[in-house]
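Q: Take a look at this one; I'll ask things after.
Just so you know, all these numbers are worked out from the coordinates, no wet-lab data involved. Source: prediction; values computed, not measured. Every residue, glycine among them, receives a Cβ derived from its backbone with ideal geometry; neighbour counts consider all protein chains shown.
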Amino acid sequence: MGDARIAVVTGAGSGIGRAVTRALLDDGFLVALAGRREDALREAASEHPHALVVPTDVTVPAEVDALFDRVVETWGRVDVLFNNAGAFGPAASAADIDVADWERTMAVNVTGAMLCAGAAMRAMIAQRPSGGRIINNGSISAQVPRPSSVAYAVSKHAVTGLTRAIDLDGRPYGITCGQIDIGNARTEIMTDIGVGSGALQADGTRRVEPTFDVADAAQAVLLMARLPAEANIANLTVTASGMPYGGRG
């Protein structure tokens, strides 16, 4: 395995996480796949010899710690975390969201992201040489929300704060953190919110929106992951050409 870099991908069993996992493996990374559904993780790993499947619920601290312990025990260090696990949450405004739905969305998108980042940072601080890179999957909803998506929009704005805090706090240890905000990559979640059949717009109408190949989004993450330690992309926005993003709010 030599000088192969070690990456952890959360939410690796589907969508962007699965595409990023495959891009990293194709590039020569050793990749630990984390997620709740073991069958989906194994499908994403495709029996690749450099893949490690670790079923993990990112909202459970003990499971997150066990994930990173397993990676360190297996490969000796953690070089990259793609902090990707997330949930879109309910279609609701602040006026009508159910508190339990709000809390479930925050548990995955905010607390889960923080738990994974914290465990990654502890591993990166302890290893020799110390350092590493964390890439948080934000969303263009971290910049401009969709209608009736208060839980998701707030959670992704929180991820931006998490990204900036990690990059600052990790500085003494050679840990960098950046965020990728992706708009309308073709994944299951795009089907769930109706982008292909007519997504809700700010004026109350529905519009079929352009999408782009999730493999191209994965290449953008790979670009960030491959940077040398002395460079960092703090934020990268990648959207489908022509999608209603500029001014969509």
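Q: At a threshold of 8 angstrom on Cα-Cα distance, excluding pairs fewer than six apart, so keeping six or more, what relative contact order does the chain reach in percent?
A: Normalised by residue count, the contact order of the chain is 18 percent.
Q: If you average the alpha carbon positions of segment 80-102 and of segment 1-55, how far apart do those two centres end up, in angstrom?
A: 24
Q: Test of understanding: extend the Cα→C-beta vector of Arg226 to 7 Å, then name every residue of segment 149-180 with backbone N under 20 Å from that spot.
A: Once the point is set 7 Å along Cα→Cβ of Arg226, 176-180 turn out to lie under 20 Å by backbone N, inside segment 149-180.
Q: Take every DSSP beta bridge with both residues inside the chain and express the antiparallel ones as a percent of the total, to the nearest 5.
A: 5
Q: If a helix is a whole DSSP H run, which ones in the chain reach 15 Å or further along their own axis (Cα) and hold a mean Kyte-Doolittle hydropathy of at least 1.0?
A: Going by DSSP H runs, the hits are 113-126, 214-226.
Q: For the chain, what is the mean residue ellipticity at 222 nm derived from helices alone (per DSSP H run of n ≥ 4: -39500 (n - 2.57); sum divided by total residues; nearest 500 deg cm²/dmol)?
A: Numbers: 8 runs with 95 residues, N = 249.
Rounded to the nearest 500, it is -12000 deg cm²/dmol.
Q: Taking amide H atoms as placed 1.01 Å from N in the peptide plane, list the residues 5 or more away in sequence, or in a different chain, whose amide H sits under 5 Å from that of Asn235.
A: Here the answer is Gln179, since their amide H atoms fall under 5 Å of that of Asn235.
Q: Using a 10 Å cut-off on Cβ atoms, rank the peptides 176-185, 209-218 from the highest mean neighbour count down.
A: Top of the packing list down: 176-185, 209-218.
Q: Tell me the label only: which of (1) 13.7; (2) 12.8; (3) 12.0 is mean projected area of the Cα convex hull in nm² as calculated from this structure?
A: Given (1) 13.7; (2) 12.8; (3) 12.0, the structure-derived one carries the label (2).
Q: In addition: In a Gaussian network model over the chain where Cα atoms closer than 10 Å are linked, find which of Ala231, Ala92, Ala117 has the largest mean-square fluctuation.
A: Maximum fluctuation in the GNM of the chain, among the listed residues, is at Ala231.
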